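Remarks on the structure that follows.
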Amino acid sequence: ALEPVKRHCTVVSGMRVIASNTTPHGSGPAGLFSGTDVVNGAWVATTIDQRIAQEIGGTTRFRSLQVGVQRSTNSVSMSGPRLMNPTESDAHALFERVFGAGFRLPGETTEVDPRIGLKRSVLDAVTDQTRRLQGRVGTADRARLDEHLHNIRDLERQLAALEEDPPVLEACSRPEAPPEFPDLEGRPQLSAKSRAICDLLVMAMACDQTRVFLDMFSQSVNNMLFLDTDAGHHQLTHDEPGDQPNVDRIVTFIVGEFAYLVERMRQVQEGSGTLLDHSVVLLTTDCSYGRTHALDNYPLVYAGTANGALREGLHIDAPNENASKLMLSLMRATGAASASYGVG
């Protein structure tokens, strides 16, 4: 499935996620994306996408975007302990959020709503009041207040961005609104929906609306019906006998959707290179072997060179190496300063 974009991808094999594998399908992503264990069923650290977003996403309208194809109740993006960033799986809702009201192309004379400044000052006032409350509540309520403050700060930044002139970017254009994608005979239109969301993500980056995204195709432990299978994905990973042909077909299909995203990024010209040249996008999953929830020989593929910081088109064999080394390299490649990654 990666053949069309093979020269832009690097496969890293043999690495292991060094985490206490106590939460099936959860320990791997927590260990990889935050460098920590799951504690009492909760993620307790900021994930790599948000750490990078804090460094390189501050001037964009959306510090980061979190999307997915399956409507999910969880996410692998965390702004802090227990502060989950939910994914948007409705392509039309994503379009309205990024390219609806508030989006302007260079030269458009749409007047900025004069109430925006007032709204921002009201949010500032609420933030001050909430901070005074923090010292008077317990740990659980303080975590809820922290999440509330985080969301308010993100709204403040988005409101401020609406008052600024949009950047002049040659590849930027307003995309067409995607259609609805109803289930067909009880099965979701996974490829069509995924590609519509990828197209919106690519244009959001081309227009510098965001520089960081998470695309969580489906949530862990899902029994969604992929392709023409007669059983759900999670059930198949545990119950399908032999060499698991249906699991293999599903994985190949999802990797093909990743290849579509990579190719779309490659098609966007930016200066002397492409959007893909100026980015890096990581493909991975929640464990290396679904039947046993193994964390060794973890599947890791990245595409793009992050402005030449990384090499592409390689196979890097790193048996039993700590996967956090790759994550630290990716952070540094994006320009996010970090002396280390993970704990313990």
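The values are calculated or read from the model by the stated rules, or taken from the named source; none is laboratory data. Here the structure is a predicted model, which means the values were calculated and not measured. Every residue, glycine as well, gets a Cβ built from its backbone with ideal geometry; the counts of neighbours run over all protein chains shown. Please note that ligands, DNA and RNA were not included when accessible areas were found on the heavy atoms of the full protein model with its side chains. Shrake-Rupley method; radii C 1.70, N 1.55, O 1.52, S 1.80 Å.
Enumerate the amide H contacts of Val39 below 5 Å, restricted to partners 5 or more residues apart or on another chain; note that Pro and chain-start residues carry no placed amide H.
For Val39, whose amide H was placed from the backbone, the distant partners under 5 Å are Val44.
If you build the convex hull over the alpha carbons only and average its shadow over all orientations, what do you get for the range 19-97? Give it in nm² to one decimal.
Mean projected area of the Cα convex hull: 5.6 nm².
Which parts of the range 315-344 would a label at Asn307 reach, counting a residue when its backbone N lies under 13 Å from a point 7 Å out along Cα-to-Cβ?
Backbone N within reach: 332-337.
What is the gain in length, in nm to one decimal, between Val44 and Asp230 on full extension, counting 0.36 nm per residue of separation less the C-alpha to C-alpha distance?
The Val44-Asp230 span can extend by a further 63.2 nm.
Using the Kirkwood radius over C-alpha pairs as Rh, can you work out the diffusion coefficient of the range 188-236 via Stokes-Einstein at 4 °C, viscosity 1.567 mPa s, in µm² per second?
It comes out at roughly 103 µm²/s.
Cβ neighbours within 10 Å, averaged per peptide: list 139-145, 96-102 in order, most packed at the top.
96-102, 139-145
Which order, highest average first, do 41-48, 211-218 follow once you tally other Cβ atoms within 10 Å for each residue and take the mean per peptide?
By packing density, highest mean first, the sequence is 211-218, 41-48.
Which Cys in the chain stand alone, with every other cysteine's Cβ at 4.7 Å or more from theirs?
When partners are defined as cysteine Cβ atoms under 4.7 Å apart, the chain leaves Cys9, Cys198, Cys287 without one.
Ignoring ligands, DNA and RNA, what percent of the accessible area of the chain is carbon or sulfur (1.4 Å)?
Using a 1.4 Å probe with all protein chains present, the chain comes out at 50 percent carbon and sulfur.
Is the shape of the range 194-344 best called rounded, prolate or oblate, per the rule: a/c under 1.5 gives rounded, else a/b larger than b/c gives prolate, else oblate, with a ≥ b ≥ c the square roots of the Cα gyration tensor eigenvalues?
In terms of gyration-tensor shape, oblate.
Please give the Cα centre distance for the range 35-97 versus the range 209-241, rounded to the nearest Å.
Here the two parts' Cα centres lie 18 Å apart.
So what is the accessible area of the chain per residue, in Å², with the probe set to 1.4 Å?
50 Å²
Roughly how many nanometres apart are two label points built 7 Å out from the Cα toward the Cβ at Glu185 and Ala339?
6.0 nm
Would you grab the residues whose amide H sits under 5 Å from the one on Leu214? Only those 5+ places off in sequence or on another chain, please, with H modelled 1.01 Å from N.
It is Leu65, Gln66, Val67, by chain and number.
What's the FRET efficiency of Ala143 with Thr73 using the Cβ-Cβ distance as r and R₀ = 22 Å, to the nearest 0.05?
It comes to 0.75.
Against the longest principal axis of the chain, how steep is helix 115-134, in degrees 0 to 90 to the nearest 10, with axes from Cα atoms?
Roughly 70 degrees, rounded to the nearest 10.
Looking at the chain, send over the antiparallel percent of its DSSP beta bridges, to the nearest 5.
The antiparallel proportion sits near 60 percent.
Along Cα→Cβ, 7 Å out, is where each label goes; now give me the distance between the ones at Phe253 and Tyr289 in nm to one decimal.
Distance between the two pseudo-spin positions: 2.4 nm.
Can you compute the FRET efficiency between Asn223 and Ser13 using 1/(1 + (r/R0)^6), with r the Cβ-Cβ distance and R0 = 35 Å? Round to the nearest 0.05.
0.75
Does the range 211-300 classify as rounded, prolate or oblate by the C-alpha gyration tensor (a ≥ b ≥ c root eigenvalues; a/c under 1.5 gives rounded; else a/b over b/c gives prolate, otherwise oblate)?
It is prolate, given that a/c is not under 1.5 and a/b is the larger ratio.
Scan [x] 1.17; [y] 1.02; [z] 0.90 for the value of Cα Rg over 2.2 N^0.38 Å calculated from this model and give just the label.
[y]
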